[in-house]
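The values are calculated or read from the model by the stated rules, or taken from the named source; none is laboratory data. The structure displayed is predicted, hence computed values, not measured ones. Quick reminder, even Gly has a Cβ in these numbers, built from the backbone with ideal geometry, and neighbours come from all protein chains shown.
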Amino acid sequence: MASYGALERMAPGDTSRETAFLGKGTRLAGKISFEGTAQIEGQVEGEIVANDTLLIGESALVNAQISGGIIVIHGKVTGDITASKKLEIRAPGRLYGNVTTPSLVIEEGVIFEGHCSMGATEARGDRKVTLLAKDDRGAEAAPPPPLKAQAEGK
């Protein structure tokens, strides 16, 4: 069974943090909102908003737009993710979607197909990129001349 660090750090009987668990075999569709740490092992379709930590287990199949603080993926997710603190994709996790997060951890053996945007969300709106025409790029964009190798005989 997979180890989920955020749940292990919680002391037994700790009532200061609410914990939600959607077990294997659970199927939900629509918008779901979590206040505390939440773990998903079932199937979810729609939108997920987690104010704290969201753990997506190995048996989970999620087809949703996800936003949260810390998001840890061990299962299969299809949809765009916005993590305000950190996104972790752990083996055997699979993510098919775009990511916006200041911190990204991708473990060896996972599948991630999509685009990633990192940095502060406030600064992203002010960021401007100026595209140059191919002719305006100068010598920097030109490929270097091919190297010629010479064989030495002994």
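Would you point out which residue out of GLU108, GLU113, GLU122, GLU88 is modelled with pLDDT under 60 and within 30 Å of ILE56 (Cα to Cα)?
Within the list GLU108, GLU113, GLU122, GLU88, the selection yields GLU122.
Which of the following residues is more than 15 Å from the chain's Cα centre (by Cα), buried (at least 22 other Cβ atoms within 10 Å of the Cβ) and either in a strand (DSSP E or B) or modelled with pLDDT of 95 or more (or both): VAL72, VAL44, VAL77?
Being more than 15 Å from the chain's Cα centre (by Cα), buried (at least 22 other Cβ atoms within 10 Å of the Cβ) and either in a strand (DSSP E or B) or modelled with pLDDT of 95 or more (or both) holds for just one of VAL72, VAL44, VAL77, which is VAL44.
Provide a single number: the residues in segment 85-95 that are of a type in the set (Gly, Ala, Ser) and surrounded by fewer than 17 Cβ atoms within 10 Å (Cβ to Cβ).
Going through segment 85-95 one residue at a time, the tally reaches 1.
For segment 47-61, which residues satisfy the criterion of being crowded, with 23+ Cβ neighbours inside 10 Å and either modelled with pLDDT under 95 or not small (Gly, Ala, Ser) (or both)?
Once the filter is applied, which keeps residues that are crowded, with 23+ Cβ neighbours inside 10 Å and either modelled with pLDDT under 95 or not small (Gly, Ala, Ser) (or both), segment 47-61 yields ILE48, THR53, LEU54, LEU55, ILE56.
Here is a list of conditions, (1) part of a strand (DSSP E or B); (2) more than 9 Å from the chain's Cα centre (by Cα); (3) not basic (Lys, Arg), and ALA91 meets all of them except one; can you say which number that is?
Unmet for ALA91, out of (1) part of a strand (DSSP E or B); (2) more than 9 Å from the chain's Cα centre (by Cα); (3) not basic (Lys, Arg): (1).
Could you grab the pairs with beta carbons closer than 9 Å, sequence gap of 6+ or different chains, first residue in segment 54-72 and in contact (Cβ under 8 Å) with a residue 40 or more places away in the chain, second one among the small types (Gly, Ala, Ser) and part of a strand (DSSP E or B)?
Once the first residue is in contact (Cβ under 8 Å) with a residue 40 or more places away in the chain and sits in segment 54-72, its partners that are among the small types (Gly, Ala, Ser) and part of a strand (DSSP E or B) give LEU55/ALA38; ILE70/ALA50; ILE70/ALA83; ILE70/SER84.
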